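A short worksheet on the structure shown next.
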Amino acid sequence: ELQVPASFSLSDAYPNPFNPVTTLELIMPIDGDMQVSVYNLAGQLVTTLASGYYQADTYALKWDAANVPSGIYFIQAEACGLISTQKVMLVK
């Protein structure tokens with residue numbers, strides 16, 4: 001029997017603070033559109049980690065910020081009609 005995740009969730013980024021790579025785990029309980037984006041403090045889009053239609057599953061997401069300046073960023077995941085946001089700190 002296939003195990004389907006029970007609820008949408010975004011794990012804490014690890015490591016945090018990080019240099020230059022951090023990872024997160026996103027759980028999609030049902031098939032649907034998913035978007036995971038990184039924003040700077042000014043609210044500008046820095047990069048998109050995932051975008052599109054995904055099946056219900058658990059996804060490991062990695063952000064390699066080697067070409068981004070040190071600072072505080074927000075990772076926002078949108079899926080299943082829910083939004084989860086967390087703050088990460090890049091220290092070079």
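The values are calculated or read from the model by the stated rules, or taken from the named source; none is laboratory data. Keep in mind the model is a prediction, meaning the values are calculated, not measured. Neighbour counts run over all protein chains shown; Cβ positions are idealised from the backbone, glycine included. Protein only, heavy atoms only, side chains kept; ligands, DNA and RNA dropped before computing areas. Shrake-Rupley method; radii C 1.70, N 1.55, O 1.52, S 1.80 Å.
Rolling a 1.4 Å probe over the protein heavy atoms of the chain, with every protein chain left in place, gives an accessible area that is 50 percent carbon and sulfur. Label point of Asp12 set 7 angstrom out along Cα-Cβ; within segment 66-91, amide nitrogens under 19 Å from it belong to 72-77, 84-91. Solvent-accessible area per residue in the chain equals 60 Å², computed with a 1.4 angstrom probe and all protein chains kept.
For the Cα trace of the chain, dividing Rg by the Kirkwood Rh returns an Rg/Rh value of 0.99. Report note on the peptides 81-88, 31-38: ranked by the mean count of other C-beta atoms within 10 Å, highest first, their order is 31-38, 81-88.
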